[in-house]
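The block underneath contains the structure these notes are about, expressed in structure tokens.
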Amino acid sequence: MKIRLIQNGLITEIDDVEEAASAPNNGFFWIDATPFDLDVLQPLFGLHHLAVEDCIDEEEQRPKLQIYNDHYFLVINGIAFHDQDIFLREINVFIGSHTIITVTKQEAPEFAAMFPILREKEVNRPDEFLYHLVDQIVDRYFDVIEKIEDLIEDLEEQILMNTRKSQLGQIIGLRSEILYARKMLLPQRDLIEALHRKELPLIHPSMQKYFGDIWEDSAKVVESFETFRELIANLREAYQSSLAGRANDIMRVFTALTTIFMPLTIVTGIYGMNFENMPELHSRYGYYIVLGVMAMIGVTMYVIFKKKEWL
């Protein structure tokens, strides 16, 4: 657990958590905690037991905003994208009049990006901190969107150039990841809209219009993932069409080869009959003549099929 006093962008490390229980003369306290620290924080700051249970619960929580007497509880998801897998990191936030408590089960890179913002913007209130944190979280979605767009484009090009069975697994896996992220994005958009539109005493009215900008960005993120779902469906259709096309090409080649060899088979069938009165069998050059005729028939048919693009 790390306790920091934020005063107009100036960050001071605090050793004693009980010092954060009293409002400072200026600024607010940011407590960066893990679920194991809640045993100490809950009685000290009067955190609601239902919110604490959500932080501790192993099950994934949907983004939400819960309003209690003297503090709010928010669940919001950060995002990362590695090896075609989408990872959502649950970030729990308690916001009070002079404190903001962030509770995470794993390290959140958004926190590291907060320090220069706190200094540059001279942040001095918990609601200002919350705005910049949510802004950082939503901005990272756009980085992931670019990566997914590049991946879909590469996959589409690979399917058109050289269809392979492994690509179907990639398509299905990417589709499940996108649907999973989309399921969490819709309530997250509603959460940000509540911060923008709802009357919340702990959120200064001047800050709510800024949350409106984030809400517009979150709506764009949702639209992007809706588009990805459609693109993945198109990819699957392209994959199936490509496979069907390849099967047709193979069948066309086999059919053409069968057609070429059909007259040759007839010739060999005729001369393979065991009749004694076949004058051609006693010709001195008959074998070579028949081979030449067969070769001429095969080459002629191949040239015709090639011109008609059947081969």
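The values are calculated or read from the model by the stated rules, or taken from the named source; none is laboratory data. This one's a predicted model, so the numbers in the text were calculated from it and none came from an experiment. Cβ coordinates were reconstructed from backbone atoms using ideal geometry, including for glycine residues, and neighbour counts include every protein chain displayed.
A few comments on the model shown:
- Residue match in the stretch 218-238 (condition: part of a loop (DSSP other than H, G, I, E, B), in the same structural domain as Tyr72 (by TED's automatic domain parsing), among the aliphatic types (A, V, I, L, M) and surrounded by 14 or more Cβ atoms within 10 Å (Cβ to Cβ)): no
- In the stretch 12-28, residue surrounded by the most Cβ atoms within 10 Å (Cβ to Cβ) [restricted to those that are assigned to a loop (DSSP other than H, G, I, E, B) and either touching a helix residue (DSSP H, G or I) at 6+ places or on another chain (Cβ under 6 Å) or among the charged types (D, E, K, R) (or both)]: Asp16
- Filtering the stretch 209-253 to residues that are among the charged types (D, E, K, R), more than 20 Å from His196 (Cβ to Cβ) and without any contact (Cβ under 8 Å) to a residue 24 or more places away in the chain leaves Glu230, Glu237, Asp249.
- In the stretch 120-177, residue nearest to Tyr210 (Cα to Cα) [restricted to those that are free of Cβ contacts under 8 Å to residues at least 60 places away in the same chain and over 19 Å from the mean Cα position of the chain (by Cα)]: His132
- Looking across the stretch 235-285 at every residue that is among the hydrophobic types (A, V, I, L, M, F, W, C) and closer than 30 Å to Ile152 by Cβ, the one that is modelled with the highest pLDDT is identified as Leu235.
- Considering residues of the stretch 186-200 that are assigned to a helix (DSSP H, G or I) and touching a strand residue (DSSP E or B) at 6+ places or on another chain (Cβ under 8 Å) only, the residue surrounded by the most Cβ atoms within 10 Å (Cβ to Cβ): Gln188
- Total residues in the stretch 51-98, condition surrounded by fewer than 19 Cβ atoms within 10 Å (Cβ to Cβ), among the acidic types (Asp, Glu) and within 22 Å of the chain's Cα centre (by Cα): 4
- Looking only at the stretch 290-311, and only at residues there that are farther than 30 Å from Arg246 by Cα and surrounded by 12 or more Cβ atoms within 10 Å (Cβ to Cβ), the one that is modelled with the lowest pLDDT: Val290
- The residue list Ile95, Ile86, Ile101, Ile56 contains one member that is touching a helix residue (DSSP H, G or I) at 6+ places or on another chain (Cβ under 9 Å), of a type in the set (Val, Ile, Thr) and more than 20 Å from Lys2 (Cα to Cα), which is Ile86.
- Subset of the stretch 56-78 [among the hydrophobic types (A, V, I, L, M, F, W, C) and either outside the structural domain of Val17 (by TED's automatic domain parsing) or out of contact with any Leu (no Cβ under 6 Å at 6 or more places or on another chain) (or both)]: Ile56, Ile67, Phe73, Val75, Ile76
- Within the stretch 103-128, being over 25 Å from Gly46 (Cα atoms) and outside any loop (DSSP other than H, G, I, E, B) holds for Pro109, Glu110, Ala112, Ala113, Met114, Phe115, Pro116, Ile117, Leu118, Arg119, Glu120, Lys121.
- Ile152 vs. criteria assigned by TED's automatic domain parsing to the domain that holds Arg229, surrounded by 13 or more Cβ atoms within 10 Å (Cβ to Cβ) and either under 23 Å from Leu195 (Cα atoms) or of a type in the set (A, V, I, L, M, F, W, C) (or both): yes
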